[in-house]
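The values are calculated or read from the model by the stated rules, or taken from the named source; none is laboratory data. All values derive from a computational prediction rather than experimental measurement. Positions of Cβ are generated from backbone atoms using ideal geometry, with glycine treated the same way; all protein chains shown enter the neighbour counts. SASA here: full protein model, heavy atoms, side chains in, ligands and nucleic acids out. Shrake-Rupley method; radii C 1.70, N 1.55, O 1.52, S 1.80 Å.
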Amino acid sequence: MSLLSLNNVSVAYDKNVILKDFNLNVEKGELLSLLGPSGCGKTTTLRLIAGFLQASGGQFIFDGKDYSQVPINKRHFGFVFQNYALFPHLSIFENVAFGLRQRKVDRKEIEKRVKHMLEVVSLSGFEKRFPAELSGGQRQRVAIARALVIKPDLLLFDEPLSNLDANLRVTMRVEIRRIQQELGITTVYVSHDQEECFSISDKVAILNKGVIEQLDQPKTIYKYPKTEFVARFIGFNNFIQCRQREEHETHLTFFTEQEKFEVQKNAGTTSTRALKLAIRPDNIVIEKCRTGSGGTPGHRDNTLTGQVKISTFLGRSYQYEVDTSLGTFQVNREMEMPFSTGDRVILIFPKEKLVLVD
Amino acid sequence: MKKSIAYLLMLPGLLFLVFFMVVPLLFTVSSTLVQQGHFSFDGYLAFFKDQYFIEILFNTLKVSLITTLMCIFISFPAAYYISKLRTRKKTILIGLAVFPLLTSAIVRSFSWMIILGKKGILNTLLLHLHIINEPINILYTPTAMIIGLVHLFLPLMIISLIGVMENISDDLVQAAESLGASRFTAFRKIVFPLCIPGLVVGSILVFVGSLTAYTTPALLGGKQQVISVFLYQNAMTLNDWYAASIIATIMIAITFIVIGFMNLAARKLNPKG
């Protein structure tokens with residue numbers, strides 16, 4: 001059984017429905033990320049788990065017990081806020097000790113545990129300072145230490161790195177993952193940064209408008225997005241709507257009005273009856289059209305002829321917008337001799353790079 | 001160059017303050033320390049030996065202290081509520097809270113006389129409801145004085161508190177709760193200490209204001225003497241400017257002592273405030 005389950009949970013602010021019949025399961029010891037654009041309900045879900053807001057319906061089960069009515073201070077969850085929420089009038093030591101003092105832990109034990117936790121987040125020697133005297137990264141580490149020192153049953157992160165600069169973000173996320181694994185604390189992590197989520201999570205749930213579009217291991221999501229939303233979110237910018245499909249032993253064949261696409265069977269193609277294909281701009285091969293103007297449609301499977309509409313230099317590669325009979329495609333390519341606007345080109349869609357989405 | 005311009009711009013205000021405040025103040029204070037051409041502390045000693053004056057002094061301090069405490073108790077929940085509101089409603093409520101400041105102290109005092117008088121609205125109401133059998137004496141008592149003063153100075157306390165409370169994020173309370181603190185503990189250990197700077201500013205304004213207020217105690221206090229009324233009588237009725245100067249100097253000293261004491265208390269309660 002899962003450590004944490006949200007069953008058919010609903011949340012609404014006034015008349016704004018944020019979550020409806022929402023379900024989520026988190027296993028013991030894992031780090032699960034909730035990823036999605038702003039307004040998708042990820043923070044609401046986290047605050048619901050923390051107890052900062054009440055669900056209007058559904059059930060929240062934690063460790064086999066119904067937690068729906070358990071007040072915040074009895075949940076024993078650690079929460080790390082986006083803005084750190086350190087107590088400005090308390091020293092770093094007192095900030096970290098706060099949770100232990102509420103639990104009436106004995107004085108010597110508090111001293112020992114706070115010291116140890118500050119070591120874990122590499123902030124030894126900062127005990128007497130105040131939050132205002134620390135940098136953003138240091139404050140964030142105090143916030144993490146404060147949440148961890150109570151040995152919480154569950155750790156909750158609300159976009160903890162979004163106020164830090166890029167380099168620090170990378171260092172901190174490695175730290176967070178290290179500490180989480182070292183202590184084996186079940187963690188729910190909210191972010192809108194996909195690289196961050198993918199790099200630290202055991203599982204990622206991609207949310208859209210209060211619904212989980214896909215919950216999988218980061219690798220699986222990255223390779224085989226299940227829905228168009230997820231595909232778009234992680235950079236599959238090209239879609240082909242087909243009308244018909246045929247199943248063969250090693251591959252599937254899809255038909256549009258005039259074109260034919262072969263797709264290799266893989267982990268992502270087995271379960272779905274979808275008729276939509278998606279591909280990343282990096283995975284489309286672009287070549288000069290040799291047949292001159294026009295080009296016969298359907299002369300080869302998995303290809304389209306088109307005309308370069310926009311050519312943009314991105315530094316490492318060139319990005320082209322190519323008009324074809326099936327719409328505009330985005331292609332990224334590293335090349336010595338770039339195409340220019342108006343060039344006739346052939347787009348090749350490798351069959352192992354095409355994925356199926358709903 | 002830049003600095004000299006800054007000093008130049010400061011000059012008019014500085015001169016005004018020096019000639020119309022600092023110099024007269026020095027004259028007042030020095031005049032109390034000189035008797036028949038000699039330095040002397042006798043004037044003060046005489047005052048502090050005078051039972052009547054001591055009584056007035058304590059009376060004044062008591063009224064000011066109660067007024068300040070009442071203002072804190074009334075303002076705290078109101079300010080907390082207002083500080084959590086969003087823009088429009090907040091603007092309206094702050095406007096309402098400040099409104100008493102915009103009416104004259106005399107008009108307000110007369111209103112309270114109408115309400116609190118022997119045949120006033122309050123007594124009439126209570127008699128009709130058979131809660132009391134004969135009119136109670138509120139007007140011309142310390143109670144009336146305190147009611148008037150609380151009404152007068154409440155806005156200052158509310159505004160001071162809203163100022164600090166606005167900066168206390170809800171996240172802090174939630175953080176405290178998630179660490180195991182009850183609502184009450186979160187308030188006691190987080191919200192309250194963070195309110196101390198506003199509380200100190202508000203308390204100084206209200207306390208010093210009550211200490212030096214003249215109109216309200218004079219109109220609502222009746223025979224109950226406070227120090228400002230006593231000063232007025234010495235200067236205007238008895239024409240004893242020496243005594244009046246001594247009283248004024250004592251009032252200034254008390255003000256400084258109170259401010260110093262409040263700041264000390266603030267530092268103890270909230271070291272980072």
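Points to keep in mind about this one:
- Total residues in segment A:3-29, condition open to solvent by less than 20 Å² (accessible area, probe 1.4 Å) and in a loop (DSSP other than H, G, I, E, B): 1
- Cβ-Cβ under 6 Å pairs, at least 6 apart or on other chains, segment B:208-222 side over 12 Å from B:Thr68 (Cβ atoms) and hydroxyl-bearing (Ser, Thr, Tyr), far side open to solvent by 40 Å² or more (accessible area, probe 1.4 Å) and assigned to a helix (DSSP H, G or I): B:Thr215/B:Ile106
- Within segment B:99-112, the set of residues being touching a residue at least 60 places away in the same chain (Cβ under 8 Å) and open to solvent by 40 Å² or more (accessible area, probe 1.4 Å) comprises B:Ile106, B:Phe110, B:Trp112.
- A single member of A:Phe239, A:Phe198 is touching a Pro at 6+ places or on another chain (Cβ under 6 Å) and surrounded by 15 or more Cβ atoms within 10 Å (Cβ to Cβ), and it is A:Phe198.
- Filter result for the condition that a residue is out of contact with any Cys (no Cβ under 9 Å at 6 or more places or on another chain), within 14 Å of chain A (Cβ to nearest Cβ) and surrounded by fewer than 19 Cβ atoms within 10 Å (Cβ to Cβ), over B:Lys223, B:Lys268: B:Lys268
- Candidate set: segment A:216-240, residues that are assigned to a strand (DSSP E or B) and in contact (Cβ under 8 Å) with a residue 40 or more places away in the chain; chosen: the one farthest from the chain's Cα centre (by Cα): A:Ile240
- For segment B:113-142, the candidate set comprises residues that are assigned to a helix (DSSP H, G or I) and open to solvent by 80 Å² or more (accessible area, probe 1.4 Å); within that set, the residue that is farthest from B:Leu61 (Cα to Cα) is B:His128.
- The single condition among (1) surrounded by fewer than 22 Cβ atoms within 10 Å (Cβ to Cβ); (2) in contact with a Phe, Trp or Tyr (Cβ under 9 Å, 6 or more places away or on another chain); (3) over 13 Å from A:Phe87 (Cα atoms); (4) within 13 Å of chain B (Cβ to nearest Cβ) that A:Ile144 does not satisfy is (1).
- Pairs with Cβ under 8 Å, 6+ apart, first in segment A:165-192 and in contact (Cβ under 8 Å) with a residue 24 or more places away in the chain and within 12 Å of A:Ser33 (Cα to Cα), second of a type in the set (Lys, Arg) and open to solvent by 40 Å² or more (accessible area, probe 1.4 Å): A:Thr186/A:Lys28
- Looking only at residues in segment B:186-207 that are within 7 Å of chain A (Cβ to nearest Cβ) and either within 26 Å of the chain's Cα centre (by Cα) or modelled with pLDDT of 95 or more (or both), the one that is nearest to B:Ile159 (Cα to Cα) is B:Leu194.
- Set A:Lys128, A:Lys108: member being charged (D, E, K, R), more than 8 Å from chain B (Cβ to nearest Cβ) and over 25 Å from B:Ser169 (Cα atoms): A:Lys108
- Candidates A:Asn283, A:Asn302 - the one that is crowded, with 17+ Cβ neighbours inside 10 Å and at pLDDT 90 or above: A:Asn283
- Residues in segment A:83-112 that are surrounded by 23 or more Cβ atoms within 10 Å (Cβ to Cβ) and farther than 18 Å from A:Arg129 by Cβ: A:Gly99, A:Leu100.
- For segment A:81-104, a residue qualifies if it is at the interface with another protein chain (Cβ under 9 Å from one of its Cβ atoms) and not in a loop (DSSP other than H, G, I, E, B), and the qualifying residues are A:Phe98, A:Gly99, A:Leu100, A:Arg101, A:Gln102.
- Of the helices (runs of 4 or more DSSP H) lying entirely inside segment B:2-95, those containing at least 3 residues that are under 30 Å from B:Asn167 (Cα atoms) span B:51-83.
- Wholly enclosed helices (runs of 4 or more DSSP H) of segment B:185-273 bearing at least 2 residues within 26 Å of B:Leu161 (Cβ to Cβ) and among the β-branched types (Val, Ile, Thr): B:192-212, B:215-220, B:241-269
- Flag if A:Gly58 is modelled with pLDDT under 90 and not in a loop (DSSP other than H, G, I, E, B): yes
- Evaluation of B:Val200 against (1) of a type in the set (Val, Ile, Thr); (2) open to solvent by 60 Å² or more (accessible area, probe 1.4 Å); (3) closer than 15 Å to B:Thr68 by Cα (one fails), failing number: (2)
- Scan segment B:169-185 for residues that are within 8 Å of chain A (Cβ to nearest Cβ) and surrounded by 19 or more Cβ atoms within 10 Å (Cβ to Cβ) and the total you get is 9.
- Residue match in segment B:118-135 (condition: touching a residue at least 60 places away in the same chain (Cβ under 8 Å) and closer than 26 Å to B:Lys223 by Cα): no
- Residues that are out of contact with any Leu (no Cβ under 9 Å at 6 or more places or on another chain), without any contact (Cβ under 8 Å) to a residue 40 or more places away in the chain and away from every other protein chain (no Cβ under 11 Å) do occur in segment A:70-79, at least one of them.
- Pair list, Cβ < 6 Å and 6+ apart or interchain, from segment A:312-338 residues that are in contact (Cβ under 8 Å) with a residue 40 or more places away in the chain to residues that are of a type in the set (Gly, Ala, Ser): A:Asn332/A:Ser317; A:Arg333/A:Ser317
- In this entry, A:Val17 passes the filter for residues that are away from chain B (no Cβ under 14 Å) and hydrophobic (A, V, I, L, M, F, W, C).
- Taking the criterion of being open to solvent by 20 Å² or more (accessible area, probe 1.4 Å) and touching a Leu at 6+ places or on another chain (Cβ under 7 Å), the only residue of segment B:230-250 that qualifies is B:Ala248.
- Within segment B:38-60, the set of residues being open to solvent by less than 50 Å² (accessible area, probe 1.4 Å) and either within 19 Å of B:Pro142 (Cα to Cα) or of a type in the set (A, V, I, L, M) (or both) comprises B:Phe53, B:Ile54, B:Ile56, B:Leu57, B:Asn59, B:Thr60.
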